[in-house]
Amino acid sequence: MSLNTGARLSLFSRMIVAFGFVAVVSITIAVVAVAVVGIGVYLGITAVFFLVRAYVLQFVDVALITDIWNLWISNTGPILLVIGVALFPILYVRPVRDEIRDFNSVVGTTGEPASERHPKISAMGRRLSQQAGISEPTVRIVNRRRPESYALGGRSDGTVVITRGVVRTLSDDEIEAVLAHEVSHLANGDGRLVSLLLVPMLVAERVGAGDRPKFGFHYGLSVFSYGLRLVAWAAITLVTTVQLLSCRLGVTLLSRERELAADRGAAELTGEPSTLASALETLHDVRSRPTRDARDFKRSAGVLDILPAADQQRFGGLFRTHPETETRVRHLESMVVEDRT
């Protein structure tokens, strides 16, 4: 299975643009995160040091305390940088990677293996993976009415998840086309790419996740102290919001093209572009808004799902993770025409 040269070059150029865009945003996110961590820890240590300097001078050499204090204050910049760089991976990057890994683990082990209840679907996945030249993925079926499908992992450790809504809604040929779409994602390494692109976005969320500070006399200088905290919160929130939107834009730039690539790969695997087009149209018609909290779904699995979340289908716009269904169907229909000529 392979894309034609024109499609491969188009996809590659968009990947370069998307990764370049996200790389620039990621650097700004890292700088802000390092600054937030460095300043926060530095001020905390400074406050403790100030109290020690003020209240225990009678027990310690005054000259020594003064020298340490002067050294600490005169090297504020380097100290902030060292603290921020040292703690940034621990406080932000590692938790985000753990969050993505845990989410993928939960999603990838939900439901039951297709081999136990739907051997025909399991055989489809095995055959398609052999055609695509990848290891056989685990196909799991989730007991959920809403028709969804997505692929997790990569070429050697992939998992394809479909819901009973897909099984009940589509014909066998259409189910095979959906599986071929997900197998194409695995063959192209899309799941790992999306996980990589999600890291800076989730870091930006964590940096700007604090609630607006509430006024209280425990701030010490009261109004002045509260004002400083409010200004800092507003600045961080503004910067991280812009960064978050920029990351989302970078993810969607790549995601839309990967969906078209997976559609083409599925059509090449099955030899029936019109079958996938039919499945997409059917799923588009029956999909409804999820009844549960969709925040995590839209952020992770929603990017990998065969169709976008319901609000994207309704409102569309710049941050669509998927091309419009009509566009995808047109691309598939053009493949039918190419095959006939």
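Computed quantities for the displayed model
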read-out: Whether the range 102-223 is rounded, prolate or oblate, judged on the alpha carbon gyration tensor where a/c under 1.5 counts as rounded; value: prolate
read-out: Computed over the range 87-153: relative contact order in percent, which uses C-alpha pairs under 8 Å that are six or more apart; value: 32
read-out: Residue-by-residue Karplus 3J(HN,Hα) for the range 138-144, coefficients 6.51, -1.76, 1.60, Hz, glycine and proline x; value: 7, 9, 10, 10, 9, 7, 9
read-out: Sequence-distant residues sharing a close amide H with Ser149 (under 5 Å, placed H); value: Ile306, Leu307
read-out: Whole-Hz ³J(HN,Hα) from phi, Karplus 6.51 cos²θ - 1.76 cosθ + 1.60, for the range 120-125, glycine and proline x; value: 5, 5, 4, 5, 4, x
read-out: Amide hydrogen neighbours beyond the local backbone of Ile134, cut-off 5 Å, H modeled; value: none
read-out: Whole-number accessible area per residue in Å² for the range 105-149, which is evaluated in the context of all protein chains at 1.4 Å; value: 52
read-out: Whether the range 60-168 is rounded, prolate or oblate, judged on the alpha carbon gyration tensor where a/c under 1.5 counts as rounded; value: prolate
read-out: Packing-based order for 136-143, 82-89, using average beta carbon neighbours within 10 Å, highest first; value: 136-143, 82-89
read-out: Estimated dipole of the range 61-143 in Debye, rounded to 20 [Cβ of Lys and Arg +1, of Asp and Glu -1, Cα centre]; value: 740
read-out: Global form of the range 103-143, assessed from the alpha-carbon gyration tensor, a/c cut-off 1.5; value: oblate
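The values are calculated or read from the model by the stated rules, or taken from the named source; none is laboratory data. This structure is a prediction, so every number in the text was calculated from the model and none was measured. As a convention, Cβ positions derive from the backbone with ideal geometry for all residues, glycine included, and neighbour counts pool all protein chains shown. Surface areas here come from the heavy atoms of the whole protein model, side chains and all, with no ligands, DNA or RNA. Shrake-Rupley method; radii C 1.70, N 1.55, O 1.52, S 1.80 Å.
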